[in-house]
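Structure first, commentary second.
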Amino acid sequence: MCSSCDPESEYPELYKDKETKRKTCIKQCPVGYTSVNNECVECESPCQQCKGSATTCTACNGVDDIRYLFAGTCYAECPVNTSPSNENEQNLVCIGCVDPACELCDSADPSICKRCTTGLYVYDGKCKSGCPDGWKTNNDGTACVLFTINDIGIIPFPFLILAFICCLIAFFGRCKKKLAGRNNKYISSQKTLTCFIVILATI
């Protein structure tokens, strides 16, 4: 039974069998172990595989649903400023976002942000402090979206009525002046305005 192995030899790693407790020198540590000072050390859960130390994971075992790997640590879900990659369902990893202000990014292109930290808005895949002209924040207050014809509803309804009435006043005022000119009479715009006020008061 070996107590140490020659690091320059063909069998540099010291491995202890869990069942026989026997130590032998082997070429390479088995899966689930990592080499630490030329001795095979078993990975600690939730690491399924590890490297350099028993707690530096290279793959997660999924115990307690902890299956996402990021920077040598296993998580139940990807931490902030990362995004889950769907490339390998057996070995789920989290991709770090390029922008530190980005909470969630595109796993295929980490430079494209999908959700920013509070107070910032997603615009063209970037985190911005505000939306440019012609854009508004969405209902969630997380991103910038273009104004549409439906957004006219954001104007208070009474102001729309007032604008419509003013247009009618101007239109009928011109018509009355034309009629008055034909009959050699003059009806002032003040009378037209007074007439409309009286009509509105009776509605």
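Every number here is computed from the coordinates shown, using simple stated rules; none is lab data. Here the structure is a predicted model, which is why all the values come from computation and not from measurement. Cβ placement follows ideal geometry from the backbone for every residue including glycine, while neighbour counts extend to all protein chains displayed.
Can you tally the net charge around Cys113? Count Lys and Arg as +1, Asp and Glu as -1, for every other residue whose Cβ sits under 13 Å from the Cβ of Cys113.
Details: positive: Lys114, Arg115, Lys126, Lys128; negative: Asp99, Glu103, Asp106, Asp109, Asp124.
Local net charge: -1.
Once each part is reduced to its C-alpha centroid, what is the distance from the stretch 114-154 to the stretch 3-30 in angstrom?
Comparing the Cα centres of the stretch 114-154 and the stretch 3-30, I get a distance of 60 Å.
Residues with beta-carbon under 9 Å from that of Ala76, excluding Ala76: net charge, scoring Lys, Arg +1 and Asp, Glu -1?
So the environment of Ala76 carries a net charge of -2.
Using Cβ contacts closer than 10 Å as the measure, can you line up Cys25, Cys97 from fewest to most?
If I rank by nearby Cβ atoms, fewest first, I get Cys25, Cys97.
Using Cβ counts within 10 Å as a stand-in for footprinting exposure, how do Arg22, Arg67 rank, fewest first?
Arg22, Arg67
Under the rule of at least 5 residues apart or a separate chain, name every residue whose amide H is placed under 5 Å from the amide H of Lys126.
Cys113
Tell me the volume per residue, in Å³, of the convex hull enclosing the alpha carbons of the stretch 98-154. If you can, show how the numbers build up before the last one.
Working: hull volume 4.9 nm³, N = 57.
In the stretch 98-154, the Cα convex hull volume per residue is 85 Å³.
Per-residue HN-Hα couplings for the stretch 134-141, Karplus 6.51 cos²θ - 1.76 cosθ + 1.60 at θ = phi - 60°, whole Hz, x for Gly and Pro?
x, 10, 9, 7, 6, 4, 7, x
Quick one: net charge of Pro12's neighbours, Cβ under 11 Å, K/R +1, D/E -1?
Values: positive: Lys27; negative: Asp6, Glu8, Glu10, Glu13, Glu39.
Spelling it out: positives minus negatives among the neighbours equals -4.
What list of ³J(HN,Hα) couplings, whole Hz, do you get for the stretch 62-70 from phi and the Karplus terms 6.51, -1.76, 1.60, once you set θ to phi - 60° and write x for glycine and proline?
My calculation for the stretch 62-70 gives x, 5, 6, 6, 8, 9, 9, 9, 8 Hz in order.
In what order do Phe147, Phe70 fall by count of nearby beta-carbon atoms within 10 Å, going from fewest to most?
Phe147, Phe70
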